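Nothing in this text is a laboratory measurement; each read-out follows from the coordinates by a stated rule. On a predicted model such as this, the values are computed, not experimentally measured, just so you know. Note that each Cβ is placed from the backbone with ideal geometry, even for glycine, and that neighbours are counted across all protein chains shown.
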DNA sequence: CTGCTTATTAGAATAGTTCTAAAAATAATT
DNA sequence: AATTATTTTTAGAACTATTCTAATAAGCAG
């Protein structure tokens with residue numbers, strides 16, 4: 001059996017290193033959550049992630065899911081995307097990119113191209129530093145009235 | 001007395017015309033809400049607006065404030081800004097512009113410069129049309145850790 | 001007027017998220 | 001190893017912004 005096939009172990013070591021590298025104590029629950037979250041690039045709600053972790057047979061409380069997502073976001077492991085008052089997504093891809101949001105279907109899609117104004121930095125309000133640029137392009141279906 | 005000084009009446013005519021022009025039936029409550037909302041360029045929450053209307057001595061239910069803000073936003077009289085799960089602002093300035101949000105102070109500030117990628121239009125997902133471009137640049141205080 | 005549609009209302013209900021206080025796990029110290 | 005201190009997790013209650021409900025009121029057309 002090749003190392004390549006031992007995904008879970010590899011993944012797990014990577015995850016632990018990843019958490020450490022971002023100053024996150026890699027506890028059991030955080031690793032369980034991260035395993036599911038970083039299995040692929042995805043946009044998930046806290047609730048979806050809570051269910052997804054349950055699917056794996058592991059048990060993590062909802063409070064921990066919320067705490068962990070908040071922590072990961074603060075530590076820049078993931079990105080929070082606030083679509084509206086009832087839709088907060090967490091993006092397992094923390095790289096600089098932006099999103100389309102289809103208001104008719106609820107789809108949230110990555111934008112590949114770099115669009116955001118990096119050149120804007122110098123014009124930030126006095127005494128502030130850039131935290132993150134959130135660009136969401138809301139689109140609607142053409143057929144929908 | 002010059003016409004210029006008769007703000008309320010002028011304002012009121014303008015408001016009514018404005019609502020009509022956007023296909024909004026200018027009912028009494030909607031005019032009351034619009035009077036307060038469009039008195040100046042501002043970012044308000046539904047609750048703040050509810051209170052502000054009350055301050056004027058008029059009475060409008062909270063449900064109507066929510067309904068009206070939703071309607072105005074759909075009709076593009078105003079813009080909704082989703083800062084996070086507990087902060088939805090309504091911007092009485094519906095022109096194309098963007099925002100700084102200071103995560104430490106909660107301040108939401110207009111960005112004067114045009115930054116957003118208009119040139120992006122052609123690359124929208126299949127079968128969709130542009131609705132709105134929401135760009136929020138989150139900043140933090142330099143002194144804050 | 002009379003009926004028909006639209007708008008408003010108070011308050012209940014909902015949904016997403018945060019809080020609380022206790023238990024459990026982990027780490028540090030003797 | 002035993003003890004203490006610190007951090008993390010947990011269940012469930014609490015909270016908050018928003019939406020829903022179902023009744024009333026207002027506006028309009030015939």
(message) 7 Å along Cα→Cβ for the label point: how many nanometres lie between residue B:84 and each equivalent label in the other copies, listed shortest first?
(response) 2.1
(request) Grab the Cα-Cα distance for residue A:58 and residue A:76, subtract it from 0.36 nm times how many residues apart they are, and report the gain in nm with one decimal. (result) 4.0 nm
(request) Counting other beta carbons within 10 Å of each Cβ, put B:95, A:58 in order, fewest first. (result) B:95, A:58
(message) As a footprinting exposure proxy, order A:35, B:110 by other Cβ within 10 Å, with the fewest listed first.
(response) B:110, A:35
(request) Quick one: with label points 7 Å out along Cα→Cβ, list the inter-copy distances for residue A:57 in nm, shortest first? (result) 7.2
(message) Starting from the Kirkwood Rh over alpha-carbon pairs, what translational D in µm² s⁻¹ does segment A:41-86 have by Stokes-Einstein at 20 °C and 1.002 mPa s?
(response) 189 µm²/s
(message) How high is the relative contact order of segment A:35-145? Use alpha-carbon pairs under 8 Å, at least six apart in sequence, and give a whole percent.
(response) 22 percent
(request) Shortest first and in nm with one decimal, please list how far the residue A:18 label point sits from its counterparts in the other copies (point 7 Å along Cα→Cβ). (result) 4.8
